[in-house]
1. Among the residues of the range 89-135, count how many are of a type in the set (D, E, K, R) and farther than 25 Å from Glu13 by Cβ.
2. Any residue at all in the range 42-63 that is of a type in the set (Val, Ile, Thr), in the same structural domain as Met143 (by TED's automatic domain parsing) and touching a residue at least 40 places away in the same chain (Cβ under 8 Å)?
3. Which of the numbered conditions does Leu75 fail, given that it passes all the others? Conditions: (1) closer than 23 Å to Leu126 by Cβ; (2) crowded, with 16+ Cβ neighbours inside 10 Å; (3) of a type in the set (A, V, I, L, M).
4. For residues that are in contact (Cβ under 8 Å) with a residue 24 or more places away in the chain and under 16 Å from Arg156 (Cα atoms), tally how many sit in the range 103-127.
5. Within the range 111-146, restricting attention to residues that are touching a strand residue (DSSP E or B) at 6+ places or on another chain (Cβ under 9 Å) and charged (D, E, K, R), which residue is farthest from Ala16 (Cα to Cα)?
6. Tally the residues that are farther than 15 Å from Ser76 by Cα and either under 14 Å from the mean Cα position of the chain (by Cα) or surrounded by 19 or more Cβ atoms within 10 Å (Cβ to Cβ) (or both), restricting the search to the range 96-145.
7. Among the residues of the range 22-78, write down those that are among the β-branched types (Val, Ile, Thr) and either closer than 20 Å to Ile94 by Cα or modelled with pLDDT of 95 or more (or both).
8. Please determine, by comparing only the residues of the range 1-11 that are surrounded by fewer than 16 Cβ atoms within 10 Å (Cβ to Cβ) and not small (Gly, Ala, Ser), which one is nearest to Lys108 (Cα to Cα).
Amino acid sequence: MSKSRICVWYDKEAEAAARFYASVFPDSSLDAVIRAPGDYPSGHEGDVIVVEFTVVGIPCMGLNGGPGIKHSEALSFSISTEDQEETDRYWNAIVGNGGRESECGWCKDKWGVNWQITPRVLTDALAIGGDEAKRAFSAMMTMKKIDVAAIEKARRG
């Protein structure tokens, strides 16, 4: 077991979220389901309180902590993709399963967790800098889901 993992707060659907992530992303799994050993103020013995899961190799813990805490864009899973097909597959899985589109490659799943689905062609262009990066950045700023062909075209000028 890793000494470090990301803890993601859910209202009460951590297990469903972990199962969804495991079905969508490679190197992802639902690793453990931990149930309450007794009744507690907002639940009962046997309720799922924690799940351990992995998302693209990142160890995580899902805590069913109730509705008091909401997610923000200050934390997101960032998924690097190789092409439009992979970008579409992940984007469409998240948005098509009750999620919402945002800007510049960001989307939010139905549990409120934020995702960045970013084709490598975009991050490569930004890393190069100069005019190529400016053109790619400008193109990205007009997008919700990243369009690989449009980024490639912008890179070429």
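The values are calculated or read from the model by the stated rules, or taken from the named source; none is laboratory data. The structure presented is a predicted model; accordingly, all values stated were derived computationally and were not measured. Every residue, glycine as well, gets a Cβ built from its backbone with ideal geometry; the counts of neighbours run over all protein chains shown.
1. 7
2. Here is the first cut: in the range 42-63, the ones of a type in the set (Val, Ile, Thr) are 48-51, 54-56, 58.
Remaining after also requiring in the same structural domain as Met143 (by TED's automatic domain parsing): none.
No, because not a single residue in the range 42-63 is of a type in the set (Val, Ile, Thr), in the same structural domain as Met143 (by TED's automatic domain parsing) and touching a residue at least 40 places away in the same chain (Cβ under 8 Å).
3. (2)
4. Pass one, the range 103-127, residues in contact (Cβ under 8 Å) with a residue 24 or more places away in the chain: 103-109, 111-123, 125.
Subsequent filtering for residues that are under 16 Å from Arg156 (Cα atoms) retains 120-123, 125.
So the count comes out to 5.
5. Residue satisfying both the conditions and the ranking: Arg120.
6. Summing the residues that are farther than 15 Å from Ser76 by Cα and either under 14 Å from the mean Cα position of the chain (by Cα) or surrounded by 19 or more Cβ atoms within 10 Å (Cβ to Cβ) (or both) in the range 96-145 gives 11.
7. Listed by number, the residues that qualify are Val24, Val33, Ile34, Val48, Ile49, Val50, Val51, Thr54, Val55, Val56, Ile58.
8. Only one residue tops the list, namely Asp11.
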